[in-house]
Amino acid sequence: MAYKYKEVANKLRDQIKAGKYVPGELLPDQNNLAKSFNTTRITVHKAIQLLVVEGMVYSKRGSGTFVRKDYASDEESTNYGSVSPIDKPLGATHTNQGKKVTSKVLELSARMPSASEANKLIIQPTDPVYVIRRVRYVNKEIFAYENTIMPTKITTITKEVLHGSVYAHLQEEGLNIEGSHRVISAEKATQIDLDTGIANELGEPIMVINQLSYLDDGQPFEISETHFPYEKSHITADITL
């Protein structure tokens, strides 16, 4: 199924690549873009969110959407618009097939989102979100600590779901995961890492992945921060040139 927001995102992407909008330039407001593409403002908003996830543009509250200053054209490199294997939110269960993946649920609660969370998830400030914290184990050995924010309107999450695979649950509900934007960093362990068994000492190195994931209709469904023990942390990526 071809979604309108993807068509708009493709056209905007092509315009930026062609130099119609240069790095650092402010894009037309969403109402004007909606008129030029003969669509709705909501569709344009989802298209821009996709380009934000891809790293081509960024939005500044009260100012609008800008082309990233560090954006480089095709001649200079990059492959905007594609989601590489490293950017796919596959989850612990998928990436450890054939192994026993279990979870210890530390928290499952609901609250109103912060302004930043509402903006990233494209929801209203009055739309509640789940707060999910759990420790994942692979073959009884600690694998990761996850802290996830997810809109409650996406699906119903229970502790039973959290003891299994959230992504599998979404797929069972007929929700198709499109991709994610990930920021991977090395950080120093804090008290939460000691409490969850990710690290043995304060300041010990750990790997952290911050992730914004979205469905195939452009709706972001998850903000997550995952901590991994440094001894078992590695990233594998398939690069196609």
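The values are calculated or read from the model by the stated rules, or taken from the named source; none is laboratory data. In this text, all values refer to a predicted model and were calculated from it rather than measured experimentally. Every residue, glycine among them, receives a Cβ derived from its backbone with ideal geometry; neighbour counts consider all protein chains shown.
Numbers below:
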{"read-out": "Wholly within region 14-117, strands (runs of 3 or more DSSP E) carrying at least 3 residues that are modelled with pLDDT of 80 or more, surrounded by 14 or more Cβ atoms within 10 Å (Cβ to Cβ) and touching a Leu at 6+ places or on another chain (Cβ under 9 Å)", "value": "64-67, 101-111"}
{"read-out": "Out of Ile157, Ile132, Ile209, sole residue that is under 30 Å from Lys4 (Cβ atoms) and crowded, with 18+ Cβ neighbours inside 10 Å", "value": "Ile157"}
{"read-out": "Among the candidates Asn139, Asn147, residue that is of a type in the set (S, T, N, Q), under 20 Å from Lys104 (Cβ atoms) and loosely packed, with under 14 Cβ neighbours inside 10 Å", "value": "Asn139"}
{"read-out": "Count of residues meeting criterion [in contact with a Lys or Arg (Cβ under 7 Å, 6 or more places away or on another chain) and modelled with pLDDT under 90] in region 212-241", "value": "3"}
{"read-out": "Cβ pairs under 8 Å, 6+ apart, first in region 149-164 and in the same structural domain as Val129 (by TED's automatic domain parsing) and charged (D, E, K, R), second assigned to a loop (DSSP other than H, G, I, E, B) and modelled with pLDDT under 95", "value": "Lys153/Ile123"}
